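Have a look at the structure below before the remarks.
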Amino acid sequence: SVPQSRLRSAFRRLGPVGKFLDEMLERWVGVGDAQRLKIPQAKGSIGAVGGQAFFIPLYELFITYGGIFRLTFGPKSFLIVSDPEIAKRILRDNAQDYSKGILAEILEFVMGKGLIPADYDVWKVRRKAIVPALHQKYVAKMIGLFGKASYGLCEKLDKAASDGEDSEMESLFSRMTLDVIGKAVFNYNFDSLTHDNGIIEAVYTVLREAEMRSTSLIPTWEIPIWKDISPRQKKASQALKLVNDTLDDLIAICKRMVEQEELQFHEEYMNEQDPSILHFLLASGDDVSSKQLRDDLMTLLIAGHETSAAVLTWTFYLLSKNPHVMSKLQDEVDSVLGDRLPTIEDMKKLKYTTRVINESLRLYPQPPVLIRRSLDDDILGGFPIKRGEDIFISVWNLHRSPKHWTDPDCFNPERWPLDGPNPNEINQNFSYLPFGGGQRKCVGDMFATFETVVATAMLVRRFNFQMALGAPPVEMTTGATIHTTEGLLMTVTRRPQPPIIPKLETRTQIVNGDETVTLQE
Ligand code: HEM
């Protein structure tokens, strides 16, 4: 039935003649078995979903209705996918027949035609321009930036430890990753860990607006008069203007730098003073409008900021609940790093730290749901679906499916052998999708993995983390990523200074009177 559906969708693209051929084919082959099947229909109500993170009730429905079902709210209907084979078809094997749908509509106001919401034609050109900017030499250089930002956070925590104050880790991680992504994408120092200013507040206002729109049931921002008089809308538009103007200024400054420099552009081009993605794009002669470039920078800023912050938040929450994992992690970090900053070589050696991040991303995928819309009829899991279906691929369900994981809710980094490959969507056959899959897979996967590994390693080396006494319960709420409802309040205490690893040296020893043996320490 799949080749038949391909043939039919190819016909339909041919206009009236194709439509005729399509109808003839349908009459000729008759209605196949798949055409007679109907997708299971879950009985949903807004009341069941409202009030809690919306992906939670979807898990119960998945257990009841299976890997694909339809959820209807009044006139709106969604297909919920929690099956790896169906996810693979949508994201990889038939990706050209799916767009970002609702997500693109909601994010348009802030990301325009940036890489995340872009439709196929724009996306193809921009992806080809942007991916080369994240080359190996760039990512290696970023390790230094991650170390510096994490060190800044350590200093802040050190002060809190001295003053006997608890630390709200979620907002600290959000600030740290904002500092990182600003430097990495357009060489801008937000310095948000130590400062508060208009631009930082504007970035957060824009982010909150985008998140509110993506979870809101009624699009108030589209109501003609309301959108002009609502104080929240006004604040969001002003904030967006400030961020856009700042980006335009940064583009202009960077253009002048590139015009003055004599460096020859090549594959692993990087300006040591300004290794940012923006600098690479301008130096590459990327032929793009300023608006498109700004959309891309904004997209990278948003994509790389709260995702990494959320991963760190949930990793530290999980570590506080699993002290045995924490002490194993600290042992690895002490022995690999001793008393110095991480380097790119350490990334291969911090194996358990990487497994902790892999496992944290399994339990708390960021974002928990991927959004698509079918651009053509297709067959998913044996069920025919029509063009124009809105689809949620629940990565949360895939990552916690009892069909694929033993003890799915258990935080167990040991499930990934240290000497095995790093888990990804290919070697886990689409049961594990921390960075998506197929052509729209995350461009920052390595960047983000190293960033979170460096930050985790540096923090656990210097401190112990416990939930603060009387801390509010840690519950989930959804935005673009999974947030806590009331923050992650932790008591951070200094560890005794980790031992400095002695250099490998040789020593001569006398054994049995006259025999000499060389030992390594
Ligand atoms: C796309 C996750 C960090 C840039 C994605 C997607 C996921 C994801 C799941 C696929 C979305 C979809 O298919 O609808 C994450 C996680 C991160 C992270 C969990 C942190 C741990 C970053 C960073 C950057 C970045 C640091 C930039 C430096 C992007 C871009 C896309 C994307 C541009 C869109 C790619 C395209 O459509 O071609 N990310 N991401 N991400 N990510 Fe990330």
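Data overview
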| item | result |
| --- | --- |
| Residue among 350, 361, 318 that alone is under 27 Å from residue 468 (Cβ atoms), buried (at least 20 other Cβ atoms within 10 Å of the Cβ), touching a residue at least 24 places away in the same chain (Cβ under 8 Å) and touching a helix residue (DSSP H, G or I) at 6+ places or on another chain (Cβ under 7 Å) | 361 |
| Failed item in (1) in a helix (DSSP H, G or I); (2) more than 14 Å from the ligand (Cβ to nearest atom); (3) touching a residue at least 24 places away in the same chain (Cβ under 8 Å); (4) more than 23 Å from residue 142 (Cβ to Cβ), with residue 327 passing the rest | (3) |
| Tabulated pairs, the range 414-428, first in a loop (DSSP other than H, G, I, E, B) and open to solvent by less than 80 Å² (accessible area, probe 1.4 Å), second at pLDDT 95 or above and among the aliphatic types (A, V, I, L, M), C-beta under 8 angstrom, 6+ apart or interchain | 425/433 |
| Segments classed as helices (runs of 4 or more DSSP H), wholly inside the range 224-304, with at least 2 members that are within 29 Å of the chain's Cα centre (by Cα), buried (at least 17 other Cβ atoms within 10 Å of the Cβ) and not β-branched (Val, Ile, Thr) | 231-260, 277-283 |
| Of all residues making up the range 429-445, the number that are within 14 Å of residue 303 (Cβ to Cβ) and either open to solvent by 20 Å² or more (accessible area, probe 1.4 Å) or more than 7 Å from the ligand (Cβ to nearest atom) (or both) | 6 |
| Considering residues of the range 108-141 that are hydrophobic (A, V, I, L, M, F, W, C) and more than 11 Å from the ligand (Cβ to nearest atom) only, the residue modelled with the lowest pLDDT | 109 |
| Residue match in the range 88-98 (condition: touching a helix residue (DSSP H, G or I) at 6+ places or on another chain (Cβ under 9 Å), near the ligand (Cβ under 10 Å from one of its atoms) and among the charged types (D, E, K, R)) | no |
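This table checks each residue for (1) open to solvent by 20 Å² or more (accessible area, probe 1.4 Å); (2) of a type in the set (D, E, K, R); (3) in a helix (DSSP H, G or I); (4) under 30 Å from residue 285 (Cα atoms).
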position: 89; (1), (2), (3), (4): yes, yes, yes, no
position: 92; (1), (2), (3), (4): yes, yes, yes, no
position: 113; (1), (2), (3), (4): yes, yes, no, yes
position: 133; (1), (2), (3), (4): no, no, yes, yes
position: 148; (1), (2), (3), (4): yes, yes, yes, no
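The values are calculated or read from the model by the stated rules, or taken from the named source; none is laboratory data. No experiment lies behind these values; they were computed from the predicted model shown. Virtual Cβ from ideal backbone geometry, glycine too; neighbours counted across all protein chains shown. Heavy atoms of the whole protein, side chains included, go into the accessibility calculation; ligands, DNA and RNA do not. Shrake-Rupley method; radii C 1.70, N 1.55, O 1.52, S 1.80 Å.
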